[in-house]
Each structure stands twice: as C-alpha cells, then as structure tokens.
1. Across region B:275-293, which residue is farthest from B:L251 (Cα to Cα) among those that are touching a Ser or Thr at 6+ places or on another chain (Cβ under 6 Å) and in a strand (DSSP E or B)?
2. Take A:A70 and decide whether it is under 12 Å from B:V88 (Cα atoms), out of contact with any Phe, Trp or Tyr (no Cβ under 7 Å at 6 or more places or on another chain) and not assigned by TED's automatic domain parsing to the domain that holds A:N115.
3. Being facing another protein chain (nearest Cβ under 7 Å) and more than 13 Å from B:L82 (Cβ to Cβ) narrows it down to one of A:V61, A:V47, A:V17, so name that one.
4. Select from region B:192-250 the residues that are of a type in the set (A, V, I, L, M), more than 14 Å from chain A (Cβ to nearest Cβ) and more than 18 Å from the chain's Cα centre (by Cα) and write down the one among them that is nearest to B:T143 (Cα to Cα).
5. Of all the residues that make up region B:25-44, how many are at the interface with chain A (Cβ under 7 Å from one of its Cβ atoms) and under 21 Å from A:L49 (Cα atoms)?
6. Output the residues belonging to region A:205-232 that are buried (at least 21 other Cβ atoms within 10 Å of the Cβ), in contact with a strand residue (DSSP E or B) (Cβ under 7 Å, 6 or more places away or on another chain) and either part of a loop (DSSP other than H, G, I, E, B) or of a type in the set (S, T, Y) (or both).
7. Considering each residue of region B:144-190, count those that are closer than 17 Å to B:P102 by Cα and part of a strand (DSSP E or B), and give that number.
8. Might you check whether a residue that is buried (at least 18 other Cβ atoms within 10 Å of the Cβ) and facing chain B (nearest Cβ under 7 Å) occurs anywhere in region A:1-8?
Protein chains: 2
Amino acid sequence: MAANGTSRFDPKFTQHVIDTIGPKTSPRNREVLSALISHLHDFAREVELTVDEWMMGVRFVNSIGQISDAKRNEGQRISDVLGLESLVDEIAHKLVTEGADPTSSSILGPFWSPNAPFRELGESIIQDPAPHGHPALMHGKVTDLVSGKGIPNAVFDIWEASSNGKYDFQDPDNQSDNNLRGKFRTDANGDYHFYCLKPTAYSLPTDGPAGVLLNLLDRHPMRPAHIHLMITADGYKPVTTQIFPSDDQYLLTDTVFAVKDDLVVDFKPREGDPKAKLDLEYNVRLAPKDYGN
Amino acid sequence: MAANGTSRFDPKFTQHVIDTIGPKTSPRNREVLSALISHLHDFAREVELTVDEWMMGVRFVNSIGQISDAKRNEGQRISDVLGLESLVDEIAHKLVTEGADPTSSSILGPFWSPNAPFRELGESIIQDPAPHGHPALMHGKVTDLVSGKGIPNAVFDIWEASSNGKYDFQDPDNQSDNNLRGKFRTDANGDYHFYCLKPTAYSLPTDGPAGVLLNLLDRHPMRPAHIHLMITADGYKPVTTQIFPSDDQYLLTDTVFAVKDDLVVDFKPREGDPKAKLDLEYNVRLAPKDYGN
C-alpha cells in the first residue's frame, strides 16, 4: 500500500486487475478492456471518489437499464448526453474517410427504425396531421464524391419527429407506425424528392436517468430541430447524418453535441405548390467503397 | 476538426462538452462529472472505439439494470469485477485513517442486509442445515486502537454464504430469511463469541452481465471463501471488512479484488465442543472517531 510519487494509493492495483485478464481474450478486447479499467481507476483516484458517490453511480447505472426496453434506449441517450456517441462518430468518420470530403456524418440516435417503408419519389412521409407543422419539399442529388456523377438507386432513409417533438414510437395516440419515416430510391440521375416537415426542436425525455444527469449538469435537455438521414448505395460508403435548420436557437448547445457546420441548412419559401410552402435543397456526396483505403 | 500534436481528433470537443455544465452545478459535481467526461472521451480516443463496440457497450449497460432488482445489484457486481469497489474502499480507508493501523476495511459487496436480527452472545447464526458445512466458534475482542482497551457494546454484524455458496437472498428453497446473518453486542470487556460456518468459496452469478464481462476477460468467477463483517461502536470509526481462510485457493485471484494480507485468518481445530470442531479467534481494532482528523 505504499504511495509512489504521484499517488498515495497502491500503485500496483490497476495493473493487478489488468493482469488477471486471461490468455483467451482477443488482442482487441484486451486493449479495449485494459484501457477501460485504467481510465475508470484513474477517474476514481483523481477525484478521490467516495463510497457514497460510487454507490450513487451504481444505482444510476442500474436505473438506465430498468427504464430501457425495445422502444427506449436510455443507455444510448446517456452516452449521447456525455458526448460519447458524437465522439465515436467522429472517430469512425476520421478512420474511414480521412482527407476526403464526403457529406459529414452525425449520430444515429435512438429513433432509427429498420422497418421504415419504401415510398415513391414525390410522396410524403407525413401520414398523420401535424398541428402547426410546416410541410416542405426536400429534394436534391446523391453524387459520387470522385466523379461528381449522380448515383442512381441510392437509398435515402429519412426519419424525423413531428411538430410536437415526438417520434411515432413515443406518440402512439397521435401517430401511426412509420409516420415521418420513409425510404426513397434516387432516380436514374441520382435525384430524389419528397415531402416532409420542417423539423421542430424537442426535449430529450427527462423522466429517466438522462433527466437526472442533465439536472446534475445544470444543462437544458433540448435538441435543435433536425432531420435524420441515412444514405446507402451499392459500391459506396454509407453515411448516417442529421441536418439542422439554420434558424434554430439550440445549434450551439445541442444536448447530444451532434451539430457540425456543414450540416446546417436553409429552408426557403416555396411558391405555387399546394402541398408545401417551404423548399429544402440538400445534396449528398458519397465516397466510393474503396476510397481512401 | 484539426488534429493537434497528440490526437487527430477535434482537440476542443471534450472541453466543449465540459463547458456546457451550467452554473448551478455544485463544485464537487462539476469536478466529478468533468473528470468522468474527460476519462470517458480519452478512453474512446485512445482505443479508437468503433461504432459497433460503442453500441455493444450501450447494450451491455442497459442489460445491467434489466437484470437488477431489490435483491440483485448487478451494477455493483460489474463495478466489483472491474476492481472499482475495492479501489473506492482503498480511497475511503486512506482518507479516514492515513498513517493509522486499525483493522483493514474491505468491500461491502451486494449481500449485506439492513434487517439482520440481533442475537445473544454464544448463539449461532446457522438457522438451517448446511450439508458438508463446518461449524466454527468465532470469538475475539473489539479494542480501541489508541488505548488498547476493550470496547463494550460494539455491534458486530456478520453475514456469510452457506456451504452451497449462496446467501439467503439467493436460495429461498434451502434457507430461511436471515440464515447466516446476525448482529451481536460485545460484552463489558469488549469480547464477543458466536457460532458460524467456516465459509465456502463461491462463484459470482454468471447468468447476467457479470458473466458476459468475465467471459470477455477470460477470468474465473470465483470469490475465495470469506466472512463479511461490519463493526460499529459509538465514538469510533466503523469498519466494513471481510476475512478469508488461509487455505483458500482463490486468495490471489479473487474476482472482486477484496483480499488484503491482514484479512487472511487461520481456522484451528476445536476440542470438546459438541457444536463446533473449528475455532477462529479474530480481534478487531477500531479507531476513535476523531483519530487522524
């Protein structure tokens, strides 16, 4: 239990815990779990974590899973509030496309659905009434980053909250399944167009551990308005991202830290379309699969 | 998103997340949560955590609470397997009694009960049959670290698993409530004695996230045999600890890292006592409340 120059705690303890990792652990698991143990211990020593604080942390971790189910992923939300999903997204993005300039990625978030239906170009993802919502025509081109040519048959998967700030999952009384979700295929020129809502800022659910954490951090729970996108095409690296209206007040303080400068977009007035008074042009650049490898 | 000398990732991101902490957060919460965010981010950058690994971590965190309830604290168990409870115990111990030499503390673990009954000196905590169990007379003195005098009326709270390696909570078919639990008061000389079992090594439950983690780490799930103790007395710093029979094979590889040299004890043969063939003398030194302050 002798202290060394930098700590009055047993300098061998953390290495002992790491040394118990057995020979059958894969090299990557050994690397990740050793680093996890080191940082966890360094954190506890650095702040001299008390027994009460540790037990509060244990109870907090237990509470995350207790409120989670197939439609609520509180673990992901806590990780988002701590900036971890956004950081992991940055790491993945840097690894895949370092030096390139495709459309920036952003975090997936907990509301993507594998069940969103395919819809025809020109259709609307607005299935249910959205009081005070502002319909918009969203359109653009998906292009090859290298050749600049349009990519036909790319899948444009979009999901967004309704004008009350809730996704279909969270709002079964007002929204049918797959409201404000849809997948579209680009045409022979790589173009797409469909109707959606100008998105609305909303609060993360604060009735669970994320609310407890945000309260401890004295932070607001708001996400700036955003549309989620996932664009995939054969032969290209997929991109998952979000776009944000430039007039949103929470761009600088997004509670999950997902905003990047090049993902901020302008909705413009649209004339002569009975279906929408707003227009959003948004073009996507995809990197070929072998690009940068 | 420029890289600095040590990282190719945005050098401002972590500070930005920390800077969103609001003014109403207490100084201690700010210190602890800032350090938590820093270490979490440093960990992710250091190992270049992938999206799949992050999502596996999120699912793992959710699974901890999902298997936890009033009688199963998987969050505490995970923290134990990572060495955190033992480290927090060391930190608390160093802070309270630095330079002193009272009985060493060890971790509380998840099986302490606030409901253990008071029993009379000389009674047994063995309520139910324990096949192949070895009853022992445990006895000793609780003394003042400074004066060396016995401390009357100290509360000696003991709990242990049965010979099948299970606590009453985990084994309702074979054990009645409070089997192998009890609180005793020392007599006017500070002495105590009661009957218990020589403890049995056991496996942590491996049907939940702790089993998943131990498997990833290629570690065994065994705890060396041990008896839990919590000794309290008016005017003294309390001690929570564990004692371990010296003949246990898992002393060096305790899966929760709770063993300390001075907590290893010898069970000796006992003659002429129909209730027990083993004898354990164990003395406890408590530090006065204001000691070392």
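The values are calculated or read from the model by the stated rules, or taken from the named source; none is laboratory data. Owing to the predicted nature of the structure, the values given are computational and were not obtained by experimental measurement. Every residue, glycine as well, gets a Cβ built from its backbone with ideal geometry; the counts of neighbours run over all protein chains shown.
1. In the first step, residues of region B:275-293 are kept if they are touching a Ser or Thr at 6+ places or on another chain (Cβ under 6 Å); the result is B:284-285, B:287, B:292.
Next, only the ones that are in a strand (DSSP E or B) stay: B:284-285.
On the way: B:V284: 21, B:R285: 23 Å.
Selected residue: B:R285.
2. On the way: under 12 Å from B:V88 (Cα atoms): no; out of contact with any Phe, Trp or Tyr (no Cβ under 7 Å at 6 or more places or on another chain): yes; not assigned by TED's automatic domain parsing to the domain that holds A:N115: yes.
Answer is no for this residue.
3. Details: A:V61 fails: more than 13 Å from B:L82 (Cβ to Cβ); A:V17 fails: more than 13 Å from B:L82 (Cβ to Cβ).
Answer to the selection: A:V47.
4. Ranking the candidates gives B:A233 first.
5. Of the residues in region B:25-44, the ones at the interface with chain A (Cβ under 7 Å from one of its Cβ atoms) are B:25, B:29, B:31-33, B:35-37, B:39-44.
Still in the running and under 21 Å from A:L49 (Cα atoms): B:25, B:29, B:31-33, B:35-37, B:39-43.
Residues meeting the conditions: 13.
6. A:P224, A:A225, A:H226
7. Qualifying residue count for the region: 4.
8. So far as region A:1-8 goes, no, none of its residues is buried (at least 18 other Cβ atoms within 10 Å of the Cβ) and facing chain B (nearest Cβ under 7 Å).
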